[in-house]
Each structure stands twice: as C-alpha cells, then as structure tokens.
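Comments concern the structure below.
Every number in this text was worked out from the coordinates using simple rules, so none of it is lab data. Quick caveat: nothing in here was measured; it's all calculated off a predicted structure. Cβ placement follows ideal geometry from the backbone for every residue including glycine, while neighbour counts extend to all protein chains displayed.
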Amino acid sequence: MATPAGNHPLPSYLDPNHLGPWGVYLQQVDRVTPYLGSLARWVETLKRPKRALIVDVPIEMDNGTIAHFEGYRVQHNLSRGPGKGGVRFHQDVTLSEVMALSAWMSIKNAAVNVPYGGAKGGIRVDPKKLTRSELERLTRRYTSEIGIIIGPSNDIPAPDVNTNAQIMAWMMDTYSMNVGATATGVVTGKPVDLGGSLGRVEATGRGVFTVGCEAARLTGMTIAGARVAVQGFGNVGGTAGKLFAEAGAKVVAVQDHTGSIHNAKGLDVPALLAHVQQTGGVGGFAGADVMGNDEFWGVACDIMIPAALESQITQDNAGRIQAKMVIEGANGPTTPEADDILNDKGVLVVPDVIANAGGVTVSYFEWVQDFSSFFWTEDEINARLVRIMKEAFAGVWQVAQENKVSLRTATFIVACKRMLHAREMRGLYP
Ligand code: GLU
C-alpha cells in the first residue's frame with residue numbers, strides 16, 4: 001500500500017523522545033490527547049510550530065572585531081490571534097528550546113483566554129559578557145532581522161530571561177525606525193514613559209502569588225506562617241517571594257546562579273532583594289546560612305516556587321521535595337517523570353501555563369492601552385489581573401476535578417480545546 005503523503009518518518013524534532021524541553025512539551029500534548037474528543041483530529045497542529053525563523057546576528061564588538069550570534073523567533077500557533085511571547089538572551093538557548101517556549105506560550109495564552117497565539121524568541125548569548133553598547137547593537141540587529149515576521153498585529157515580543165524594559169525600548173525603536181512610524185504596540189514590557197504599562201514588571205510574580213493563594217485556599221493551607229522556598233530571585237521569584245512574605249509566609253530558602261541560602265526562621269526578603277540588586281545574586285547574603293545546591297530541593301517547606309529555567313525538578317530530586325505545593329514561576333521547570341513522582345506523592349503542582357500567565361496577561365493590557373492610547377491606573381491593572389487569574393484558575397481546577405487529572409493536564413485540556421476549536425472553525429486553507 002502506498003504511504004500517504006505527509007506520513008514519512010518523523011524528523012527528530014517531532015519525536016516525543018527528543019531530548020530537552022520540546023520533547024517534554026510533546027509528551028504533555030500526548031497526555032492530553034485522550035481528553036480532546038473530536039478535536040483530537042487536529043492535534044498534530046500543536047506538535048509542530050507554524051513558523052520558525054533562524055537569524056544570523058552579526059555585531060561589531062567594542063574592540064573592533066565582528067562577532068556572530070544565532071537568534072530565533074518561533075511562532076508556534078496563530079489560530080487565536082497574533083503571536084505573543086518573550087525574548088530570551090542566554091548562552092544555552094537553542095531552536096528546540098525556543099520551540100518549546102513558544103508552544104507553552106500558545107497554551108498559556110489560551111488558558112487565560114487572552115486573544116493571542118504563542119511565540120517566543122531568543123539569542124544564544126551570555127549578555128553578562130557584553131558591554132551596554134554591544135548589547136544595544138545585538139538587540140537592534142536581532143530586531144531588524146526578525147522584523148519580517150513581528151509587528152503590532154503579527155507577533156509581539158516581550159521580556160523573558162535576561163531581557164528587560166531597556167531592551168524592549170531598543171526593540172521598539174528599531175522596529176519603528178524601520179517602518180517609519182512609532183509603533184509602541186510592537187513589544188510589551190516597555191518603560192512606562194514609552195507606552196509601557198504600570199504593574200507589568202511585577203505582574204508575573206503577582207500572578208504566581210494569586211494562584212498560589214487560590215490553591216492554598218482550596219486545599220486548606222494557610223499562607224500566614226507557610227514556609228516558602230524559591231529558585232530564582234529575579235523578576236518572577238523575587239516578586240513572588242516578596243508578596244508571599246508580605247502575606248505572612250516565611251521565605252526559608254532561596255537558590256540562584258550564585259548559590260543557595262537558608263534561614264529556617266525566614267529570610268528578611270526586602271534586605272535580600274536589595275542585596276540581589278547590588279550584587280547580582282543571593283550568594284553572600286549576611287542573614288542566612290549557605291546550603292548545597294542539591295540540598296535545596298529537600299529543604300523543609302510547604303510551598304516550592306521554581307522560578308528560574310526549564311527541567312530543574314527531575315526524577316533525581318522530585319522524590320526529596322517536602323513541599324505540599326509546587327507553583328511553577330518558570331516555564332517548563334518540571335519534567336514529565338518528576339511530574340508523576342510529585343503527583344504520586346500527593347504534591348499539588350500548579351503548572352507554569354497557568355501559574356506564570358500573569359506576565360502575558362498584563363502584556364495584553366499594555367498592548368490594548370497602546371492601541372487605544374488610553375492608560376489605566378495600577379489599581380485597575382492589578383484588579384483586572386487578579387480577576388483573570390482567579391477565573392482561569394477556578395476553571396482549570398474544575399476540569400481537573402471532573403476528569404480526575406493533574407492541574408497541568410487540566411490546563412492543557414482547557415487551552416488545547418480553545419486552540420483546536422479555533423483551528424476547526426477557521427478551517428484549512430486552501
Ligand atoms: N516571557 C513571559 C512569559 O514567559 C511574558 C511573555 C509576554 O508578556 O509576552 O510568559
């Protein structure tokens with residue numbers, strides 16, 4: 001019998017045994033497929049990015065040499081709206097990592113029902129090794145190279161690991177210079193004076209805190225006095241830690257790229273944030289004991305917040321986690337094997353695709369404000385953010401109860417149904 005067209009052996013990136021975050025994502029989709037009913041017919045759509053661009057980013061270094069960096073922008077799915085997702089500058093960025101991150105954006109945006117598809121970008125670079133002017137040239141050349149697929153109605157980048165409001169300002173300016181008009185809506189996470197939104201910087205951490213409180217309420221845990229461990233004390237982990245501490249929780253352990261610190265009585269979070277601001281990391285903080293990086297995972301705590309990079313909670317450390325709840329501030333911090341270990345132990349995992357959706361939710365508010373040139377107060381923004389996060393979490397919680405599945409699978413059920421329903425209604429062209 002003839003092989004149907006399109007059924008040739010899969011390229012490695014479509015193989016669920018593919019190593020790394022993209023393989024993790026494919027396994028997550030496989031887990032949800034039995035719950036998609038007749039929409040499962042379209043599920044292949046989710047297993048391959050709609051569009052992936054690799055760009056060469058050459059820049060002149062301050063010493064006069066020319067350096068080449070590899071950049072990416074992947075638009076995973078555009079069924080529900082323009083692409084949306086951050087840009088990451090990190091020495092370990094690869095195309096398949098950006099593919100996974102773009103896919104998780106599709107799921108996240110559908111889970112909180114903002115009218116976007118999913119996209120992500122990145123440059124394989126250690127930005128800490130660049131001077132400010134090299135970083136600016138890198139950002140501008142990258143923006144120009146991906147300029148053929150981004151735009152306020154096409155695909156809207158935002159900050160992610162190692163990128164910030166200044167980088168968004170350079171991206172907005174470069175895109176605007178190329179099109180000949182100021183296009184504030186081409187990126188979100190901009191400085192407030194350039195069309196940015198109040199509350200955007202804190203939004204991801206605030207969303208983590210909001211769903212954490214909801215999960216605690218539904219499982220009978222009290223936040224006041226709860227012991228919290230946080231991995232990553234940057235924008236997401238630092239804000240979440242601050243909000244939990246303000247609500248009376250004790251942040252007992254923090255880990256970042258400079259080491260792991262511990263204080264069973266609770267760290268002085270404002271002092272720790274000031275130390276990180278000054279020194280670039282938690283290492284050397286006076287009010288704490290040093291602990292081993294691997295020991296961190298077994299620390300006595302009630303809530304664990306991984307808020308750094310992917311694949312941190314694995315089959316090697318999941319069994320040692322003492323927390324009753326894991327709230328994923330990072331994208332993809334838990335591998336499927338670790339997910340199973342945590343579920344079997346009765347640890348509640350609030351997955352990234354709902355827990356860290358606060359950032360893109362306020363990015364959506366920023367984009368709407370830019371289009372209407374009418375800006376909201378911080379109170380309005382925070383109130384709308386909390387409402388969206390609570391509603392989305394309640395919906396996911398209900399689906400998890402009804403189907404007796406994890407919150408991750410429940411979030412994927414809600415999101416994949418929205419995306420594939422849109423796909424089905426639009427139909428295939430031609
Ligand atoms: N980088 C963030 C994320 O992973 C925010 C993306 C955005 O605001 O578009 O969700």
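Observations
- A simple charge model with +1 on the Cβ of Lys and Arg, -1 on the Cβ of Asp and Glu and nothing else charged puts the dipole of the chain at about 1020 debye relative to its Cα centre.
- A straight Cα-to-Cα reach below 20 Å connects Lys47 with the lysines Lys84, Lys108, Lys120, Lys417, residues fewer than 8 places away in its own chain not being considered.
- Sorted by Cβ density within 10 Å, fewest first, the residues Met221, Met168: Met221, Met168
- Potential lengthening of the chain between Ser373 and Glu70 amounts to 105.6 nm, from the contour at 0.36 nm per residue minus the alpha-carbon distance.
- Potential lengthening between Asp344 and Thr33 on full extension [0.36 nm per residue; Cα-Cα distance subtracted]: 109.8 nm
- Electrostatic tally near Gly86: other residues with Cβ closer than 14 Å to its Cβ, Lys and Arg +1, Asp and Glu -1, net +1.
- Think of the stretch 14-73 as a dipole: +1 on every Lys or Arg Cβ, -1 on every Asp or Glu Cβ, centred on the Cα centre; then among Pro21, Val32, Ala52, Val32 lies furthest on the positive end.
- The protection proxy used here, the mean number of other Cβ atoms lying within 10 Å of each residue, ranks peptides 188-195, 83-90, 322-329 as follows, highest first: 83-90, 322-329, 188-195.
- Among beta bridges that DSSP assigns inside the chain, antiparallel share in %, nearest 5: 50 percent
- Global form of the chain, assessed from the alpha-carbon gyration tensor, a/c cut-off 1.5: rounded
- A simple spin-label model places the labels of Glu424 and Arg51 2.6 nm from each other, with each point 7 Å out along Cα-to-Cβ.
- Within the stretch 140-273, antiparallel bridges make up roughly 50 percent of the DSSP beta bridges whose residues both belong there.
- Between the beta carbons of Gln322 and Asn17, assuming R0 = 35 Å, the FRET efficiency works out to 0.65 to the nearest 0.05.
- By average C-beta atoms within 10 angstrom, highest first, the peptides 368-377, 352-361: 352-361, 368-377
- Ascending count of other beta-carbon atoms within 10 Å, so fewest first, for Ile167, Ile305, Ile413: Ile413, Ile167, Ile305
- Computed per residue of the chain from DSSP H runs no shorter than four, each worth -39500 (n - 2.57), the mean residue ellipticity at 222 nm is -13500 deg cm²/dmol.
- C-alpha center-to-center spacing [the stretch 89-103, the stretch 197-232] in angstrom: 26 Å
- Global form of the stretch 241-382, assessed from the alpha-carbon gyration tensor, a/c cut-off 1.5: oblate
- With neighbours defined as other Cβ atoms within 10 Å of a residue's Cβ, the residues Leu138, Leu101, Leu95 order from fewest to most as Leu95, Leu138, Leu101.
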